[in-house]
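Worksheet for the structure shown next.
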Amino acid sequence: MSYGYKKGYNPQKYAENRKAEKERTYQMIDDTTIEVSKSPNKLREFLDVQAKFDMYSAANTLLIFKQMPNATQLKSFDDWNKDGIQVRQKQKSIAILEPVEYTKNDGSTGIAYNVKKVFDVAQTSGKKPAAPTLDRDPRKLVAIMLDTAPIDVSTVEELPSPNMGAFYKNEDQTLYIKRDIGNSVALCQCVAQELGHAQLAMNCEAYSRRDMGFSAVCVGYMLCRKFGVDVKNFAIDRIPEELAGKSPKEIRAELSKTRSAMSEIGSRVSEEIYRRRADRNKEQER
């Protein structure tokens, strides 16, 4: 038996279509980047999506936000089939970028990106996964965030501002918590934001609290959104002019910094949540 191309297959036309599709996808990323940088409401909506897909790059999250912001779990057609789940007929796929390694002429390894088609679980016969929460109790979330923080934590009577419940001081890499703050939601929001400052400082060479203030707000917002804590008090009503004035590539670099910081904090918290649940389950089985 001989194998060959399907009848009517044109390799050149196929390559041209792939190239055009990739160009459209990159243009969608750039256009959506500008869109979220100009509108606080759009930025909030993007952060909501990034909070759900914290392991996805900022570029791919922009694509998801533009095409299906309500998505919760994405897989390719073949991967859904491997799980015994069928994609329903006439469903429109979501385009994201998939990294692929290739060998350069000098023998070194490079990374290129191909367009990958995926479908949300809502487009399939599968069930929507339950989002990990902590019974929506901000006090429990605060305790776990502090227990897993890779910095010192200290309780104090006063902070630089009377409205603060927490304050990260990079000079001594310590997170200061105000004693006896009554509103657990406000404390959770403030701790999440200040941990954003701490993680951003750890992830960069030159940290400036002023320059990274808005990024820390975005980190705190996403952490609270991810774990089911109210986010209405986060100040994302005005996007800094210096961010809105950047190029799409520069804006995505800033979004990537916030994503990385949120993902690192969120991963530590999630791992601790699952560990504590497993310990409780073992205890109940005894």
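The values are calculated or read from the model by the stated rules, or taken from the named source; none is laboratory data. These numbers were taken from a predicted model, which means no experiment stands behind them. Note: ideal-geometry Cβ built from the backbone for every residue, glycine included; neighbour counts use all protein chains shown. Note: areas computed on protein heavy atoms with side chains; ligands, DNA, RNA excluded. Shrake-Rupley method; radii C 1.70, N 1.55, O 1.52, S 1.80 Å.
Tabulated values for the structure
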{"quantity": "The range 27-41: number of residues that are farther than 26 Å from Ala235 by Cβ and either of a type in the set (Val, Ile, Thr) or open to solvent by less than 60 Å² (accessible area, probe 1.4 Å) (or both)", "calculated": "3"}
{"quantity": "Subset tally (residues that are of a type in the set (Gly, Ala, Ser), more than 21 Å from Val231 (Cα to Cα) and not in a strand (DSSP E or B)) for the range 150-161", "calculated": "0"}
{"quantity": "Candidates Gln123, Gln50, Gln89 - the one that is open to solvent by 50 Å² or more (accessible area, probe 1.4 Å) and either of a type outside the set (Gly, Ala, Ser) or within 19 Å of the chain's Cα centre (by Cα) (or both)", "calculated": "Gln89"}
{"quantity": "Selection count where residues are within 17 Å of Asn41 (Cβ to Cβ) and either open to solvent by 60 Å² or more (accessible area, probe 1.4 Å) or not small (Gly, Ala, Ser) (or both), scope the range 229-270", "calculated": "13"}
{"quantity": "Enumerated helices (runs of 4 or more DSSP H) restricted to the range 1-88, each holding at least 2 residues that are over 21 Å from Tyr221 (Cβ atoms) and small (Gly, Ala, Ser)", "calculated": "11-38"}
{"quantity": "Meets criteria (out of contact with any helix residue (DSSP H, G or I) (no Cβ under 6 Å at 6 or more places or on another chain), at pLDDT below 90, among the basic types (Lys, Arg) and open to solvent by 40 Å² or more (accessible area, probe 1.4 Å)) for Lys22", "calculated": "no"}
{"quantity": "Complete set of residues in the range 162-206 that are in a loop (DSSP other than H, G, I, E, B), over 27 Å from Ala253 (Cα atoms) and either in contact with a helix residue (DSSP H, G or I) (Cβ under 8 Å, 6 or more places away or on another chain) or open to solvent by less than 20 Å² (accessible area, probe 1.4 Å) (or both)", "calculated": "Met164, Gly165, Ile181"}
